[in-house]
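Let me begin by presenting the structure, written as structure tokens, before commenting on it.
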Amino acid sequence: MTGLKWAILGTVGVPGNYGGFETLAENLVRLHGTGLPDTDLTVYCSRLAFKTHPTRYLTANLRYIGLKANGLQSVPYDVVSLFDAARRGTDVILLLGVSGALALPFLRLFSRSRIVTNIDGIEWKREKWRGLARWILRWSEWSAVRWSHAVIADNQAIAEHVRARYGVDCHVIAYGGDHAISATPVTDPDLDLPQAFSLSLCRIEPENNVGVILEAFSKMPERNLVFVGNWDNSDYGKDLRKRYGACPNITLLNPIYDPGRLREIRGRATSYIHGHSAGGTNPSLVEMMHFGILIHAYDCSFNRYSTQGEALYFKTSEELIAAIRAVDAQTTRAVGFAMQQTARQLYLWDKIGRAYFALIRSI
């Protein structure tokens, strides 16, 4: 492997402080020195997302692209990154997400770079994408599967979708979550949290069933909910904050990225409410599984695979209310124990890193 050049594309960059792909990139960088020694790693970053632009982070070189990594600019951001990596003679390109995948057939006309794509969730099915954007993402998924040398799915349900739709087998590699519990708790004196509370944490989007969760707790004044999310980034979030923010048992917090502050809040929660209905294996879910607490998850194939069918599941606010009120101490302990055992078996970064590095070696 001496002299091999590989690159991670498709994220905001490192240090990771945005979402699941950034956390994945961060941990691959941290494990790179022992997992793929004597190889040269470059991580592509959005220049607009960082105040300073160092050329190195831990074991990785950093290259900056002057575009946003998310939203409409994610397509040109990924395309520019792809062609730059190919031009620089990168042997293996790890592309996280399909935003720029429509460029892959053109890239392969002149480049010998091997492409490994993590296709994320079934992005084009998300509620927020309509019209042209949904069409582009649908064909980007097809292009990623057709023109990548290897495809990664983070969840067995995603792999089954790819097999049924395209007749292609995926490498199923999930996410680690142990970084969430290994962080040192940091108490925020400005946070006035209830003594006992359930926790939700996600981007405030319709497919995360935020409204379902808030409606349920608005009808259970005896139960406290702390919900962390980007409430001000959309009309959807602003409307929910206006509608439920005054409920005395509901605490709505803006995004928190500091690992220590998150560790403190997660460690104090008595249960976790996970509303994601799309996206495969959600990092926030596998992170919370390491805490060994009761988990209520939206009932879909992604979440059932991630939790091995051993969480409690809901689809409506009425089902969530019934499940919360019916649970007893024995069920709480049993589900929490099962979540933690599954997390310790499947969702460790050392295990995930070894799987990625083995794939890069093989390709």
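Please treat every number below as a calculation from the coordinates, not as lab data. In this text, all values refer to a predicted model and were calculated from it rather than measured experimentally. FYI the Cβ positions are ideal-geometry reconstructions off the backbone, even for glycines, and counts take in every protein chain you see.
Just a few scattered comments:
- For a straight C-alpha distance cut-off of 20 angstrom, the aspartates and glutamates reachable from Lys51 (same-chain residues fewer than eight places away being disregarded) are Glu22, Glu26, Asp258.
- Estimated FRET transfer efficiency (Ser182, Ser362; beta-carbon r; R0 22 Å; 0.05): 0.15
- Taking every alpha-carbon pair within segment 166-314, the share separated by more than 27 Å comes to 20 percent.
- Segment Asp192-Gln340, extension gain: residue separation times 0.36 nm, minus the distance between their alpha carbons: 50.5 nm
- Under 10 Å, Cβ to Cβ, from Pro283 - net charge with Lys/Arg +1 and Asp/Glu -1: -3
- Degrees, to the nearest 10: 20-35 long Cα axis against longest axis of the chain: 60 degrees
- Estimated FRET transfer efficiency (Arg354, Ala246; beta-carbon r; R0 51 Å; 0.05): 0.55
- Against the main long axis of the alpha-carbon atoms of the chain, helix 329-346 sits at an angle near 10°.
- Taking amide H atoms as placed 1.01 Å from N in the peptide plane, the amide H of Leu253 lies under 5 Å from those of Phe227, Val228, Gly229, each 5 or more residues away in sequence or on another chain.
- Sorting His274, His296, His179, His149 from the fewest to the most surrounding beta carbons within 10 angstrom yields His149, His179, His296, His274.
- Cα convex hull of segment 252-337, projected area averaged across orientations, nm²: 5.9 nm²
- For the pair Arg333 and Asp232, the difference between a 0.36 nm per residue extended length and the Cα-Cα distance amounts to 32.8 nm.
- For a label point 7 Å along the Cα-to-beta-carbon line of Arg108, residues of segment 146-166 with backbone N under 18 Å: 146-153, 162-163, 165-166
- Exposure proxy shown here: for Asp120, Asp328, Asp40, the number of other Cβ atoms within 10 Å sets the order, fewest to most, as Asp328, Asp40, Asp120.
- Fewest-first ranking of Tyr305, Tyr166, using other Cβ atoms within 10 Å as the exposure measure: Tyr166, Tyr305
- Tilt relative to the chain, helix 349-362 - C-alpha long axis, 0 to 90 degrees, to 10: 20 degrees
- Pairs with C-alpha atoms separated by more than 29 Å, drawn from the list Lys68/Lys351; Lys315/Lys351; Lys68/Lys315; Lys238/Lys351; Lys5/Lys351, are Lys68/Lys351; Lys315/Lys351; Lys68/Lys315; Lys238/Lys351.
- Among Phe337, Phe106, Phe21, residue whose mean-square fluctuation peaks in a GNM of the chain (springs only between Cα atoms under 10 Å): Phe106
- Reported label for calculated Kirkwood radius over Cα pairs in Å given (i) 21.2; (ii) 21.7; (iii) 31.0: (i)
- Longest segment of the chain lacking GluC sites (Glu not before Pro) that sit in a DSSP loop with at most 13 other Cβ atoms within 10 Å: 223-363
- Cα centroid separation, segment 56-93 to segment 309-353 (Å): 37 Å
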